[in-house]
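The values are calculated or read from the model by the stated rules, or taken from the named source; none is laboratory data. Everything quoted here is computed from the prediction, not taken from an experiment. Backbone-built Cβ (ideal geometry, glycine too); neighbour counts: all protein chains shown.
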């Protein structure tokens, strides 16, 4: 079971929410690695990546990996990937309500290239 989640933020969210399939939009969107969040629950990972009472990057469960100066809240079109310490296990895109699991194999190489990992 994954013990943490990796947050990837879309560089542009303008394409999400239209009629095109989520897979196609994700495939052409550039993502930035933002953080690793220590939790077993995707809903908790999402909650911990919100700027509610303070900057989310300062939460004790968060290891911030993004650009200096903090990060925006995780939003529709961003990716949350479960991570077992060695591999991405499942990649989900944030939807208006909940998450949609994406084809992991199609995304792993894309995310590695974009984050340099």
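List of remarks:
- Positions within region 48-62 being within 15 Å of residue 4 (Cα to Cα) and touching a residue at least 24 places away in the same chain (Cβ under 8 Å), in sequence order: 49, 61, 62
- Cβ pairs under 8 Å, 6+ apart, first in region 85-99 and within 12 Å of residue 43 (Cβ to Cβ), second part of a loop (DSSP other than H, G, I, E, B): 92/102; 94/74; 94/75; 94/76; 94/77; 94/78
- Scanning region 83-111 for residues that are at positive phi and either modelled with pLDDT of 90 or more or crowded, with 17+ Cβ neighbours inside 10 Å (or both) returns a single hit, 98.
Residues are listed down the side, and each one gets a yes or a no for (1) out of contact with any strand residue (DSSP E or B) (no Cβ under 7 Å at 6 or more places or on another chain); (2) not in a loop (DSSP other than H, G, I, E, B):
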position: 39; (1), (2): no, no
position: 47; (1), (2): yes, yes
position: 50; (1), (2): yes, no
position: 53; (1), (2): yes, no
position: 63; (1), (2): no, yes
position: 68; (1), (2): yes, no
position: 71; (1), (2): no, no
position: 76; (1), (2): no, no
position: 91; (1), (2): no, yes
